[in-house]
1. Of all residues in the range 326-336, count the ones that are within 19 Å of ILE30 (Cβ to Cβ) and outside any helix (DSSP H, G or I).
2. State the number of residues belonging to the range 129-167 that are among the hydrophobic types (A, V, I, L, M, F, W, C) and surrounded by fewer than 16 Cβ atoms within 10 Å (Cβ to Cβ).
3. I'd like the full set of residues that are modelled with pLDDT under 90 and either part of a helix (DSSP H, G or I) or crowded, with 21+ Cβ neighbours inside 10 Å (or both), limited to the range 171-183.
4. Please verify whether the range 276-291 includes one or more residues that are of a type in the set (Ser, Thr, Tyr), open to solvent by 70 Å² or more (accessible area, probe 1.4 Å) and either modelled with pLDDT under 90 or assigned to a helix (DSSP H, G or I) (or both).
5. Given the structure, is LYS391 modelled with pLDDT under 90, in a helix (DSSP H, G or I) and within 24 Å of PHE80 (Cβ to Cβ)?
6. Got at least one residue in the range 261-270 being in contact with a Ser or Thr (Cβ under 7 Å, 6 or more places away or on another chain), part of a loop (DSSP other than H, G, I, E, B) and modelled with pLDDT of 70 or more?
7. Can you pull out the residues in the range 99-123 that are open to solvent by 40 Å² or more (accessible area, probe 1.4 Å) and closer than 17 Å to VAL182 by Cα?
8. Output the residue which, of all residues in the range 1-54 that are of a type in the set (S, T, N, Q), closer than 30 Å to TYR319 by Cα and open to solvent by less than 60 Å² (accessible area, probe 1.4 Å), is modelled with the lowest pLDDT.
Amino acid sequence: MRIISYIKDLMYERKWFNRAAINYNMLLAIIFLCVFGVIMIYSASYYYAQTAYGYESSYFLKNQAKFVAVGFVMMIALSFIDYHVWKELSGFAVFGAFALVLLLLVPGIGRASHGAVRWLRFGPIQFQAAEPIKLCMIMFLAYFIDKTKMDTMKKAVIALVISGLLSVLVWQISDNMSTAIVIMGICILLIFIANPKMNAKICIGVVIGFLVFLLIGVFVVDQIIPASENENFRITRIRAWLHPTDPLYASDKAMQPAQALYAIGAGGLFGKGLGQSLIKFRLPEPHNDYILAIIAEELGIFGVVLLMFLFVYLLYQIYRIAQNARDLFGKMIAAGVFAQIALQVVLNVAVVSSVIPSTGVTLPFISSGGASVIFLMAELGVVFSVDKWTKEQGYYREAKKYVEQQEKKRNKKYQGGYL
């Protein structure tokens, strides 16, 4: 007991232990999303687990529940640690991000799956490199913007170049375009928030340039480049997206998007009922990128709207934390996490509804994935810390103001009695 008491006193003295109450509204939103995700993963995967791997039907449910528990403990632990502790380390986070990408090239560490090297293996531990890379870039960009104040165009360009270089490496080495898009999206949003007046033009220019590039690319793929059996799989995905009924793609690359649309249509307004989806028997790995299609079929548009409401509510809570943050570093951390979750939700919904070609982006908290939920909840733990520190500063100012008022009253009373 003496040791525990000593550790607590040490933490309080060094002022890196947040003692304010946690944001319960945000916490409840996270819990609801995690529980809903675990339930839907079981509903989508029980048949796939038995047929594809020969596992018990609850294999993916137990796996996801285990990772959610680990992530939840990590989130709560990080919420108690003052986020300023990570400030100096955040300056080196960009080197960690580049190192993680380059480790994919190391034999024995980088692991291939589905034709792409996206996994890192260290003994029994295995995870997708993309997840810690996002966390590293959020922390680095928050540090960089806090240090430089992003008050000149040169500093904005430096941030864009660093993020762009990392995005290109992620795209080329791991063949993961969705993560590259998310990294650049986070960078652009943080630059805009840091100085909206000065950097509005460069941010809007980058977004418009990217959209024009995509439109030109789609036109070139569809009208100019001849189809071939050995073409890049991403080009094939674009062709399948443009011509989903073509016999060349209907049974392969266009199968998932087409089945997802069938599931959305079959679900109607209120769905067929939990566990009653038929499309999950045809989709490969239905518990991953296309799990939203299963939700739409089983719970209908009503269920999807409720899920989107939960995401909007969570994002609103993060937005409030970013808006109320007392320093730029905390504001940028919260805004970075906001950007990551919002981008992934928008991209996943767009892919499942065939608004854009398939990119392989997961739906936060809902899609199966251990690294995804653990690192995302770690990010949210730091956001909780920003909120708790902001509350502590508010309590401190209120207490100081109260003490000053009491001292003024005593002084007036003393002077009145003396006179």
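1. 0
2. Total meeting the criteria: 5.
3. Once the filter is applied, which keeps residues that are modelled with pLDDT under 90 and either part of a helix (DSSP H, G or I) or crowded, with 21+ Cβ neighbours inside 10 Å (or both), the range 171-183 yields TRP171, GLN172, ILE173, SER174, ASN176, MET177, SER178, THR179, ALA180, ILE181.
4. no
5. For LYS391, the condition - modelled with pLDDT under 90, in a helix (DSSP H, G or I) and within 24 Å of PHE80 (Cβ to Cβ) - is met.
6. No: zero hits.
7. Once the filter is applied, which keeps residues that are open to solvent by 40 Å² or more (accessible area, probe 1.4 Å) and closer than 17 Å to VAL182 by Cα, the range 99-123 yields only ARG118.
8. Looking at residues that are of a type in the set (S, T, N, Q), closer than 30 Å to TYR319 by Cα and open to solvent by less than 60 Å² (accessible area, probe 1.4 Å), I get ASN18.
The values are calculated or read from the model by the stated rules, or taken from the named source; none is laboratory data. If you're wondering where the values come from, they're calculated on a predicted model, not measured in any experiment. Quick reminder, even Gly has a Cβ in these numbers, built from the backbone with ideal geometry, and neighbours come from all protein chains shown. Please note that ligands, DNA and RNA were not included when accessible areas were found on the heavy atoms of the full protein model with its side chains. Shrake-Rupley method; radii C 1.70, N 1.55, O 1.52, S 1.80 Å.
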